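Chemist: Got a structure here, written out as structure tokens. Questions coming.
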Amino acid sequence: MNEMMDILGSAGLWAAVLRIATPLIFGTLGALLCERAGVLNLGIEGIMTFGAMAGWLAVYQGCDLWTGLLVAAICGGIFGALHAGLTVTLGLSQHVSGLGVTLFAASLSYYLFRLMVPVAGTPPTVTPFAPVHIPVLSDLPFLGAALFNQTAPTWLAIGLAIALAWVLFRTPLGLAIRMTGENPQAADAQGLNPTALRYGAVIAGSALMAVGGAFLTLSAFNSFFPTMVQGRGWICIALVVFASWRPGRALLGALLFAFFDAFQLRLQTVLTGDLPYQIFLMIPYILSIVALAVMARRARVPQALMKPYRRGERI
Amino acid sequence: MTPILEIEHVSKSFGTTRANDDISLTLAQGEIIALLGENGAGKTTLMSILSGHYTPDSGIIRVAGAVLPPGRPRMAIRAGIGMVYQHFSLAPNLTVLENVMTGTESLWSPRSNTAAGRAKLLALSRKFGLAVDPDARLGDLSVGEQQRVEILKALYNDVRILVLDEPTAVLTNIEAEHLFATLKGMARQGLSLIFISHKLPEVMATADRILVLRGGRLVAERRAAETSRAELAELMVGRAVTRPVRDAATPGAVVLELTDVTLREAGVNRLKSVGLHLREGEVLGIIGVSGNGQKPLAALLGGTARRSGGEVRLFGQPIGNLTVTDAIAAGIGRIPEDRNHEGVVGEMAIWENVVLERIGDYSRHGFVDRQAGMADAERIMAEFDVRGGGAARPIRLLSGGNVQKLILGRNLSRRPRILIAAQPARGLDEGAVAAVHERILAARRAGTAVLLISEDLDEVMALSDRIQAIVGGRLSPPVAAEGADARRLGLMMAGDWMEAEDAS
């Protein structure tokens, strides 16, 4: 019990929570935006992998770190356009298309990586984002180290959650996107263009996913390896449901999951010997299933999610 | 004065079908016209052309003298054309205000001006007597309230011409009457209305002029004051139609008896100590405004709901909880209220929908006997006059009337001992209503016990031997059809049945 209190009292834990949460926040916001417009984007896992690779490669080739993030976002947008083309224009199954995009993007990123970077014993590295020093706040005892010692993309992620909440719930564009996800016929009847709105949301959402991936190679670590996304994309898909499709709750959900993850990592080092370490690895996933089961029962799913829209066709 | 709307020589074909054939009409300001026609007559196609969702093959539309560019929904809205669709284009998860404001502001504005939107909505709601709560979640509203929102949404876009597609299809009688009063008020305030329907009484009562469409052509135009229901029915169908009448019969033994049955669902008592009995060869009508327990009653007898208390006797034997399998095995035929969701599986073929509930009878060595299924389906389609293509087509391509005839055929071809018919003629056109009624009376003659659940007074009075009203989950004692008139049934539907004597 004492060990657990020690873990909770360490600034390192809370710093890690924010760090682990950042790619999840980007990914969850991206998936949320797609789903609000009515498109499930299971391409997320592959898009995050590609973003991790593309962002890293750009920086490795000499671009600065922000350009790296931008390159990742553009690449994500391209995969988003592919997914939208398959699911919106052609009206194909969003599950199948999304999984296809994931496999394609993940394989392509490894292929391009191998093409551009020669095989080496230790993977090449770049200089990642450094923590931003915020006057006063970063110097606070405990809190400074725990909360205000993060890299710029983490603050960007948190800012984006607020911005996306504003766009979705306070602007005419956000209402149009939500209407498209609820009832594209109604959007069409009001003179909006559901197809364009869905393309826009999926492209922008996929760009966010890719930035989440790039955070892994440009901030959390400094090199790329193909399996590094490790199912984070799938966690994001679950977090969207957990969040009931609301950006604010998505932020909370990502932080909660990151807390479980950071906590179990530290628990492993304390409680050695008694239990196989895989048990600890399971903890965040088990807790997210429990949280999902509790939260998702009350969730209001966008009514047109996964339903292709073709004008003039009865549904 | 220039008419507010002129439609000139509009034609539109889909493949080889001419959905609209050289249609011309005019609409004056403050006028209400009705487009009357059976399902498939081309009414909805014409309105989709007007709203810009279809592009006509030829012909032009003028609004207040200016030509409306074809196939541009945004331009139609801007010209002041507002649509109220039969299947509302609303989002249940959004609020009333959000539904109304969608698409009304510039998409790139950084902030939605909800205060102005709310003020405008409330002003319209006061002006036209359409009360709504702007912050209510749409899905929490009743169907009648949702329609008000749909109308307000059109008004919010500053409409000059309001088009209502089958506005009463989903409403209860009381809601419908309220709607007509509202529409007449709107016309007095200068709005022009087009009102699409196949229901004669409401067309006669509401419209100034009536235009009859048949087979895509405008076949007649009458002033409401100068025509009759019989004439309109004949113009609409193209031949004289009469609804069948019930002839005298002597009912047989009691086949179904409910005593003191209650049904509790999600903490609410949906049925409260309900009692009824049903005899061979009779129709027992259950009249009532939708949402008073009709659904749980039909579900209970069809095997999809369980009672919480009381006794049910089937053919004289007390039974436990009825499952769907039991109901089918016992010969209980079911015509569900929501035919598209509960009655058929839209993506499956017609023949598959016919055999699905008795798939065991159509199986050989674990395989489905497609030939037998197809043959039976085709036989039923021929016998029950189901039109719309071969038995292998997906059933969603059939019109509502044909789906209903197929469901009837699927049930009646097996000579059920009991038939639970929930709202069997809802939303059907005049020809199909007559066909459905004829089949129900034929089943009665053949000795089937029919439980007719309906909110249509005319239907219940025409078909039933005895009538019970359902109000708030309670059933009134039965009255004999001979002693029932609209006034008395109206009182019973309002829960006032003290004066009703027992006609069991």
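The values are calculated or read from the model by the stated rules, or taken from the named source; none is laboratory data. What you see is a predicted model, and the numbers here were worked out from it, not measured in a lab. Note: ideal-geometry Cβ built from the backbone for every residue, glycine included; neighbour counts use all protein chains shown. Accessible surface is based on the protein model in full, side chains and every heavy atom, while ligands, DNA and RNA are left aside. Shrake-Rupley method; radii C 1.70, N 1.55, O 1.52, S 1.80 Å.
Chemist: Among the residues of the stretch B:43-96, what is the count of those that are outside any loop (DSSP other than H, G, I, E, B), small (Gly, Ala, Ser) and more than 12 Å from chain A (Cβ to nearest Cβ)?
Modeler: 3
Chemist: Taking residue A:284 as the residue in question, decide whether it is open to solvent by less than 40 Å² (accessible area, probe 1.4 Å), more than 14 Å from every other protein chain (Cβ to nearest Cβ) and more than 27 Å from residue A:167 (Cβ to Cβ).
Modeler: yes
Chemist: Limited to the stretch A:163-193, what total is found for residues that are touching a residue at least 24 places away in the same chain (Cβ under 8 Å), facing chain B (nearest Cβ under 7 Å) and polar (S, T, N, Q)?
Modeler: 2
Chemist: Residue A:187 - would you say it is at pLDDT 90 or above, over 19 Å from residue A:50 (Cβ atoms) and more than 20 Å from the chain's Cα centre (by Cα)?
Modeler: Considered against the rule, which asks whether it is at pLDDT 90 or above, over 19 Å from residue A:50 (Cβ atoms) and more than 20 Å from the chain's Cα centre (by Cα), residue A:187 comes out as yes.
Chemist: What tally of residues in the stretch A:195-226 results from selecting those that are aromatic (Phe, Trp, Tyr) and within 16 Å of residue A:44 (Cβ to Cβ)?
Modeler: Count: 1.
Chemist: Would you check if residue B:63 is surrounded by 17 or more Cβ atoms within 10 Å (Cβ to Cβ), within 25 Å of residue B:188 (Cβ to Cβ) and touching a strand residue (DSSP E or B) at 6+ places or on another chain (Cβ under 7 Å)?
Modeler: Details: surrounded by 17 or more Cβ atoms within 10 Å (Cβ to Cβ): yes; within 25 Å of residue B:188 (Cβ to Cβ): yes; touching a strand residue (DSSP E or B) at 6+ places or on another chain (Cβ under 7 Å): yes.
Yes; evaluated as a whole, the condition is true for this residue.
Chemist: For residues in the stretch B:219-259 being surrounded by fewer than 12 Cβ atoms within 10 Å (Cβ to Cβ) and not in a loop (DSSP other than H, G, I, E, B), which is modelled with the highest pLDDT?
Modeler: B:223
Chemist: If I filter the stretch B:110-118 for residues that are open to solvent by less than 20 Å² (accessible area, probe 1.4 Å) and either within 14 Å of chain A (Cβ to nearest Cβ) or free of Cβ contacts under 8 Å to residues at least 12 places away in the same chain (or both), do I get at least one hit?
Modeler: Within the stretch B:110-118, the subset open to solvent by less than 20 Å² (accessible area, probe 1.4 Å) is B:112, B:117.
This time we only want the ones that are either within 14 Å of chain A (Cβ to nearest Cβ) or free of Cβ contacts under 8 Å to residues at least 12 places away in the same chain (or both), so: B:112, B:117.
Yes, the conditions are met somewhere in the stretch B:110-118.
Chemist: Limited to the stretch A:287-301, what total is found for residues that are open to solvent by 70 Å² or more (accessible area, probe 1.4 Å) and not in a loop (DSSP other than H, G, I, E, B)?
Modeler: Residues of the stretch A:287-301 open to solvent by 70 Å² or more (accessible area, probe 1.4 Å): A:289-290, A:294, A:297-298, A:300.
Next, only the ones that are not in a loop (DSSP other than H, G, I, E, B) stay: A:289-290, A:294.
Final tally of qualifying residues: 3.
Chemist: Let me confirm something: among A:207, A:157, A:196, A:238, which residue is assigned to a helix (DSSP H, G or I) and either within 14 Å of chain B (Cβ to nearest Cβ) or aromatic (Phe, Trp, Tyr) (or both)?
Modeler: Numbers: A:207 fails: either within 14 Å of chain B (Cβ to nearest Cβ) or aromatic (Phe, Trp, Tyr) (or both); A:157 fails: either within 14 Å of chain B (Cβ to nearest Cβ) or aromatic (Phe, Trp, Tyr) (or both); A:238 fails: either within 14 Å of chain B (Cβ to nearest Cβ) or aromatic (Phe, Trp, Tyr) (or both).
Criteria check complete, one pass: A:196.
Chemist: Identify, from the list B:192, B:197, the residue that is surrounded by 20 or more Cβ atoms within 10 Å (Cβ to Cβ) and over 14 Å from residue B:25 (Cβ atoms).
Modeler: B:197 is the lone residue from the list that is surrounded by 20 or more Cβ atoms within 10 Å (Cβ to Cβ) and over 14 Å from residue B:25 (Cβ atoms).
Chemist: Hey, residue B:153 hits all of (1) free of Cβ contacts under 8 Å to residues at least 60 places away in the same chain; (2) more than 22 Å from the chain's Cα centre (by Cα); (3) within 11 Å of residue B:96 (Cβ to Cβ) but one; which does it fall short on?
Modeler: Against the list (1) free of Cβ contacts under 8 Å to residues at least 60 places away in the same chain; (2) more than 22 Å from the chain's Cα centre (by Cα); (3) within 11 Å of residue B:96 (Cβ to Cβ), residue B:153 comes up short only on (1).
Chemist: Scan the stretch B:320-335 and report the pairs whose first residue is over 8 Å from residue B:303 (Cβ atoms) and whose second residue is open to solvent by 50 Å² or more (accessible area, probe 1.4 Å) and modelled with pLDDT of 90 or more, with Cβ atoms within less than 7 Å and a gap of 6+ or a chain change.
Modeler: Once the first residue is over 8 Å from residue B:303 (Cβ atoms) and sits in the stretch B:320-335, its partners that are open to solvent by 50 Å² or more (accessible area, probe 1.4 Å) and modelled with pLDDT of 90 or more give B:331/B:417.
Chemist: Another one. Tell me yes or no: at least one residue of the stretch A:253-270 is under 20 Å from the mean Cα position of the chain (by Cα), within 24 Å of residue A:66 (Cβ to Cβ) and more than 14 Å from every other protein chain (Cβ to nearest Cβ).
Modeler: Yes; the residues of the stretch A:253-270 include at least one that is under 20 Å from the mean Cα position of the chain (by Cα), within 24 Å of residue A:66 (Cβ to Cβ) and more than 14 Å from every other protein chain (Cβ to nearest Cβ).
Chemist: Test residue B:106 against the stated conditions and say whether it is small (Gly, Ala, Ser), at the interface with chain A (Cβ under 7 Å from one of its Cβ atoms) and either more than 15 Å from residue A:187 (Cα to Cα) or under 31 Å from the mean Cα position of the chain (by Cα) (or both).
Modeler: no
Chemist: Which number in (1) in contact with a Gly (Cβ under 8 Å, 6 or more places away or on another chain); (2) surrounded by fewer than 24 Cβ atoms within 10 Å (Cβ to Cβ); (3) away from chain B (no Cβ under 14 Å) marks the one condition that residue A:225 misses?
Modeler: (1)
Chemist: Quick check: anything in the stretch B:301-314 exposed (fewer than 15 other Cβ atoms within 10 Å of the Cβ), in contact with an Asp or Glu (Cβ under 9 Å, 6 or more places away or on another chain) and within 30 Å of residue B:393 (Cβ to Cβ)?
Modeler: No.
Chemist: Here's something else I'd like to know. Of the residues in the stretch B:315-347, how many are surrounded by fewer than 18 Cβ atoms within 10 Å (Cβ to Cβ), part of a strand (DSSP E or B) and among the aliphatic types (A, V, I, L, M)?
Modeler: Final tally of qualifying residues: 1.
Chemist: For the stretch B:435-452, which residues satisfy the criterion of being crowded, with 20+ Cβ neighbours inside 10 Å and under 20 Å from residue B:254 (Cβ atoms)?
Modeler: B:440, B:443, B:444, B:448, B:449, B:450, B:451, B:452
Chemist: Going by the conditions given, is residue B:271 open to solvent by less than 30 Å² (accessible area, probe 1.4 Å), at pLDDT 90 or above and not assigned by TED's automatic domain parsing to the domain that holds residue B:174?
Modeler: no
Chemist: Moving on. Return the pair list, or none, for Cβ contacts closer than 6 Å from residues in the stretch B:453-476 that are farther than 22 Å from residue B:252 by Cβ to residues that are aromatic (Phe, Trp, Tyr) and crowded, with 19+ Cβ neighbours inside 10 Å, at least 6 apart or on different chains.
Modeler: Every condition considered, the pairs that remain are B:476/B:497.
Chemist: Do you know which residues across the stretch A:1-41 are open to solvent by 10 Å² or more (accessible area, probe 1.4 Å) and aromatic (Phe, Trp, Tyr)?
Modeler: Across the stretch A:1-41, the qualifying residue is only A:14.
Chemist: Can you pull out the residues in the stretch B:366-403 that are of a type in the set (A, V, I, L, M, F, W, C), in a loop (DSSP other than H, G, I, E, B) and either open to solvent by 80 Å² or more (accessible area, probe 1.4 Å) or touching a Pro at 6+ places or on another chain (Cβ under 7 Å) (or both)?
Modeler: none
Chemist: Based on this model, can you work out whether residue A:52 counts as surrounded by fewer than 21 Cβ atoms within 10 Å (Cβ to Cβ) and either under 19 Å from the mean Cα position of the chain (by Cα) or of a type in the set (A, V, I, L, M, F, W, C) (or both)?
Modeler: no
Chemist: Go through (1) more than 24 Å from residue B:352 (Cα to Cα); (2) free of Cβ contacts under 8 Å to residues at least 40 places away in the same chain one by one and return the number of the condition residue B:425 breaks.
Modeler: The number of the failed condition is (1).
Chemist: Of B:179, B:138, B:122, B:162, which residue is farther than 22 Å from residue B:44 by Cβ and buried (at least 21 other Cβ atoms within 10 Å of the Cβ)? Explain how you work it out, then say what you get.
Modeler: Details: B:179 fails: farther than 22 Å from residue B:44 by Cβ; B:122 fails: buried (at least 21 other Cβ atoms within 10 Å of the Cβ); B:162 fails: farther than 22 Å from residue B:44 by Cβ.
None of the others qualify; the one that does is B:138.
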